[in-house]
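Following: one structure in C-alpha cells, then a few remarks.
The values are calculated or read from the model by the stated rules, or taken from the named source; none is laboratory data. Every value quoted in this text rests on a predicted model; they were computed, and no experiment measured them. Cβ atoms come from the backbone with ideal geometry, glycine included; neighbour counts cover every protein chain shown. Quick note on the areas: whole protein, heavy atoms, side chains included, nothing else; ligands and nucleic acids left out. Shrake-Rupley method; radii C 1.70, N 1.55, O 1.52, S 1.80 Å.
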Amino acid sequence: MRLDRNLKYIHYCDSAVKFPVRSGLEDLSDKIDVSQIGEIAMNTCALPPNINVAAGPAQTVSDLPTVSLSASPLSFSLLSVRGGESLGDHVATDPSRWADWTDGLNMLRRDGGHVATPETAGFVNSLTEIGLKIKLLDLSGEKVDIPSSLGPGPPPADTNFFFSDL
C-alpha cells in the first residue's frame, strides 16, 4: 500500500501472498480515492488462511491452519462516505505500520485530524513541544539586523606573534 505524491489516491495490490514491490506505483494495480474515505474501522478483517504470523506463509495446502478465522488486531477497513461500504480491507505487517496508516489516513480525511494510537500521539506531542520551544527561543532571526557592508577592523596593537614548536 502506498499513498501517491499528491495525497489523493492510495495505491495497493490485493494479494494474500507477500511479494516484493518496486519503488513507485507500477506494481500496485488498484487504487482508492482518499476523498471517498468516510471512516476507518479497526480490527475488521481476518488474515488470509495461508498466513500464519508465527510460522510465516503457508507453502502447501497441508500447512493451512485449521483454526477459525478471527479479526486481526492489525487490520482496518476503509469505509465509503456514501453508504459505508468497504472500499478496501487491509492487514498491516506490524503494529508500527498499522499505527502509521490508520492515524495518517485519519489525518487526511475531511473531518479527520485525530490520532488514535499512543505511538503517533507521542510523536505529535514531541513535535509540538519542539515547535513551541523554537518559538519561545525566537530562533527565526526576524529581529536580527544584518549589516549590508562591513568595514575593515583596526590593526592589531602588537605584531609580535608567538609560534609554537610542535
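Annotations for the structure displayed:
- Selection count, the stretch 67-117, where residues are in a loop (DSSP other than H, G, I, E, B) and free of Cβ contacts under 8 Å to residues at least 12 places away in the same chain: 8
- Index of the failed condition, Val91 passing every other in (1) within 30 Å of Thr128 (Cβ to Cβ); (2) within 17 Å of the chain's Cα centre (by Cα); (3) at pLDDT 80 or above; (4) open to solvent by less than 70 Å² (accessible area, probe 1.4 Å): (1)
- Of all the listed residues (Pro73, Pro147, Pro152), the sole one being at pLDDT 80 or above and either farther than 29 Å from Ile10 by Cβ or among the charged types (D, E, K, R) (or both) is Pro152.
- Checking each residue in the stretch 103-134 for being surrounded by fewer than 10 Cβ atoms within 10 Å (Cβ to Cβ) and either in contact with a Phe, Trp or Tyr (Cβ under 7 Å, 6 or more places away or on another chain) or of a type in the set (Asp, Glu) (or both) picks out only Asp111.
- The stretch 16-51, subset out of contact with any Asp or Glu (no Cβ under 8 Å at 6 or more places or on another chain), surrounded by 12 or more Cβ atoms within 10 Å (Cβ to Cβ) and of a type in the set (S, T, N, Q), residue modelled with the lowest pLDDT: Asn43
- Conditions (1) modelled with pLDDT of 75 or more; (2) in a helix (DSSP H, G or I); number of the one not met by Arg5: (2)
- Meets criteria (polar (S, T, N, Q), modelled with pLDDT of 85 or more and under 10 Å from Ile37 (Cβ atoms)) for Ser80: yes
- Hey, Glu85 surrounded by fewer than 13 Cβ atoms within 10 Å (Cβ to Cβ), of a type outside the set (Gly, Ala, Ser) and either within 30 Å of His114 (Cα to Cα) or modelled with pLDDT of 85 or more (or both) or not: yes
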